[in-house]
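The values are calculated or read from the model by the stated rules, or taken from the named source; none is laboratory data. From a predicted model like this one, the values you see are computed outputs, not experimental measurements. A quick note on method: Cβ atoms are made from the backbone with ideal geometry, for glycine too, and the neighbour counts reach across all protein chains shown.
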C-alpha cells in the first residue's frame, strides 16, 4: 500500500522531473495548483488557501512531445491516456498530466513563447491567467489566485520570475472579448471574497493588486477584435 504524497513531496517530484527533462534538452514547466504552491509561500502558513493535490500538471514544447513521453516511461510512469494535445501518466497514486503550449479549456491560449521565461513553472502571470480564464471559477481557482496576488507584486513588465506582468495579461485578454470579460469578472469576484481566505492586511494587499490588474484591463484601449466580440455578444 502506497502513502499519498504531500504537496511538498509533489513539488519536489515536479522539480526533479523538470530538471531531468532539462538535462535531456526538453523544456518542461509546471502549471496548475502544485506549481502555484511552489511559487507561493503563504499557502503553507494559511490553511484557508490549502487544498489537496493528487496530480502534477506540466506544459512541454510540442517539438519534444514524443521524447517527454519516453522520459516519463523511463521514470516508471505508465501512460494511461493520450490525445492530440494531452498525455496522462500514473505511478502509484500520482497522476501526471502533460499538455502542449496551445492550451484549450474555456478559451484558446498559446504559451509557446513563454516556456523559457522563468525556470520550473510558467511565469506568474500565466499561472494567474490559467485560473482567471475559467468560466466556472471554482473555489480552488479562487484560492490559487488569492495566493498569487498576496505573494507577488503586480507590475508593468519587470522581473517575471517574481512579479505578475499586468501588461502581458492585458495584451493577451485584449484580443478576445469573451476571454477579457471572464478574466475581468473573476477579478471582481476575487475582490468580494478575499476576506474569506486572507487576513485583513493581506486581503487589502491582494485587493490593491487586483485593482492594478483592472486598471489596465479596463482602463486601456481595446482592440478591434475585442469590440467585434462585444457587439456579437449582445
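Quick notes
- Of the residues making up the range 53-85, those that are without any contact (Cβ under 8 Å) to a residue 12 or more places away in the chain and under 19 Å from residue 130 (Cβ atoms) number 1.
- Residues of the range 18-36 satisfying the condition of being crowded, with 16+ Cβ neighbours inside 10 Å and touching a residue at least 40 places away in the same chain (Cβ under 8 Å): 18, 21, 26, 27, 28, 29, 30, 31, 32, 33, 35, 36
- Residue match in the range 113-126 (condition: over 13 Å from the mean Cα position of the chain (by Cα), under 28 Å from residue 69 (Cα atoms), at pLDDT 95 or above and in a helix (DSSP H, G or I)): yes
- Hits in the range 149-164 (condition: modelled with pLDDT of 95 or more and touching a strand residue (DSSP E or B) at 6+ places or on another chain (Cβ under 7 Å)): 152, 153, 154, 155, 163, 164
- If the condition is being in a helix (DSSP H, G or I), more than 21 Å from residue 173 (Cβ to Cβ) and either touching a residue at least 12 places away in the same chain (Cβ under 8 Å) or touching a helix residue (DSSP H, G or I) at 6+ places or on another chain (Cβ under 7 Å) (or both), then the range 195-220 contributes 195, 196, 197, 202, 203, 205.
- Looking only at the range 159-172, residues that are closer than 28 Å to residue 48 by Cβ and surrounded by 15 or more Cβ atoms within 10 Å (Cβ to Cβ) come to 6 in all.
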